[in-house]
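Contents: one structure, followed by commentary.
The values are calculated or read from the model by the stated rules, or taken from the named source; none is laboratory data. Everything numeric here is computed off the predicted structure, so don't read it as measured data. Because the Cβ atoms are built from the backbone with ideal geometry, glycine has one as well, and the counts that use them run over all protein chains shown. Surface accessibility is based on the protein's heavy atoms, side chains included, excluding ligands, DNA and RNA. Shrake-Rupley method; radii C 1.70, N 1.55, O 1.52, S 1.80 Å.
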Amino acid sequence: MCHPSVILATASYDRTIRFWEAQTGRCYRTILYAALPKNELAEGRGKPRHVNRLEISPDKRYLAAACNPYIRLFDLNFSNLHVRTFASHTSNVMALEFQRDGRVMYSGSEDGTVKTWDMREYEANCCINDYENDCAVNSIVLHPNQNELITGDQNGAISVWDLRADSWRLELIPEGAIPVRSLSVMSDGTMLVAANDRGTCYVWSMLRGNQMMTEFEPLHKLQAHDEPILKCLLAPEKNSFIYLLIKYLATASSDKTVKIWNVDNFKLEKVLTGHQRWVWDCAFSADAEFLVTASSDMTARLWSMKTGKDVRVFQGHHKATKTLVHFNRNRSYYGSDLIVIKHFSLQLNDKKHIMRGFSVELFTTIFSR
């Protein structure tokens, strides 16, 4: 089967993952992800009710879907997409992250654990490490040094795990027991942002300390929204084509808006308005000239960072979608979607395009890195 180079993948409460041509809006494949093989169903766990997160492997070959309570892996190169199911968590899997070389995958769950999976091991249970967090894990992010995993949890704590020593290292508690909903790390490893349910972002400078471990120095407290922040995201700092003179932070909130902040002075640059309900997720294009957002108003929108206007709306959904992925199969992990996004802008001609055709309500979204 010939696959388009630029793909949009969505996962919905209708228990399907659908693949779309990003440029035309044509759906060319549907996966029924709830149809797990009987030998992979743990007794008493039932079938996964929805997908909380989609993540693309660094080589763009595999799609990982964080379900309840499983993680399912699909091979994008074959028509029989399902490769394996990771069954060890006992509750919703909320976060996924791949190591840079694709050999290890990390997951965080509402069961209060962070697990490490060996992607080269094809046994039924390839969980090689299990970190106890004691409460629900909402977000995980891997430090660019690949040696530290940072987690944010429901009790308001940010934990740093030493992956070389397989142990917990330190804890940051920015605002008591207020749940930490989202984490983002600057691509050069110099900044950490954490967003919580009070609409506040806490920012730390990350410095290389003794024994190559990171030290965290408080930098700024940003009251970004009056309602919970559901996603915070630092824009890609640079790629092979462009260096951003302005570093951006995007915050998506239950107040129906996405705000764009200048990280150099934390001043508000733009407010993206148009969604009618909570905005669950956002993702920058690799050149940070565009942002894609997903909302429980059953739409996803593509925004121009230059104008602050939405240039494309994906709509026509009738059931909740938990996650969405947009990626270019022809780009490497450190590649850029710059050429593709430029092509989109030429096609749009400053007119808003509405794509219809799939029945999902959007909650999260990811551009490939």
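I'd like the residue in segment 298-313 that is open to solvent by less than 20 Å² (accessible area, probe 1.4 Å) and either assigned to a loop (DSSP other than H, G, I, E, B) or within 17 Å of residue 21 (Cα to Cα) (or both) and, out of all such residues, is modelled with the highest pLDDT.
Top of the filtered list is 308.
Using the structure shown, decide if residue 258 is touching a His at 6+ places or on another chain (Cβ under 7 Å), surrounded by 18 or more Cβ atoms within 10 Å (Cβ to Cβ) and among the aliphatic types (A, V, I, L, M). It would help to see each step written out before you state the result.
Working: touching a His at 6+ places or on another chain (Cβ under 7 Å): no; surrounded by 18 or more Cβ atoms within 10 Å (Cβ to Cβ): yes; among the aliphatic types (A, V, I, L, M): yes.
Spelling it out, it is not the case that residue 258 is touching a His at 6+ places or on another chain (Cβ under 7 Å), surrounded by 18 or more Cβ atoms within 10 Å (Cβ to Cβ) and among the aliphatic types (A, V, I, L, M).
Condition check ((1) open to solvent by less than 30 Å² (accessible area, probe 1.4 Å); (2) touching a residue at least 60 places away in the same chain (Cβ under 8 Å)) across all residues:
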site: 167; (1), (2): no, no
site: 184; (1), (2): yes, yes
site: 188; (1), (2): no, no
site: 192; (1), (2): yes, no
site: 196; (1), (2): yes, no
site: 229; (1), (2): yes, no
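Only strands (runs of 3 or more DSSP E) wholly contained in segment 130-175 count here; list those with 2 or more residues that are more than 21 Å from residue 201 (Cα to Cα). Steps first, answer last, please.
Details: elements: 137-142, 148-153, 158-162, 167-172.
Strands (runs of 3 or more DSSP E) meeting the threshold: 158-162, 167-172.
So how many residues does segment 264-301 have that are touching a residue at least 60 places away in the same chain (Cβ under 8 Å) and under 20 Å from residue 186 (Cα atoms)?
9
Picking from 71, 158, 150, 128, which residue would you name as being among the aliphatic types (A, V, I, L, M), open to solvent by less than 10 Å² (accessible area, probe 1.4 Å) and more than 20 Å from residue 183 (Cα to Cα)? Break it down into steps so the answer makes sense when it comes.
Numbers: 158 fails: more than 20 Å from residue 183 (Cα to Cα); 150 fails: more than 20 Å from residue 183 (Cα to Cα); 128 fails: open to solvent by less than 10 Å² (accessible area, probe 1.4 Å).
Answer to the selection: 71.
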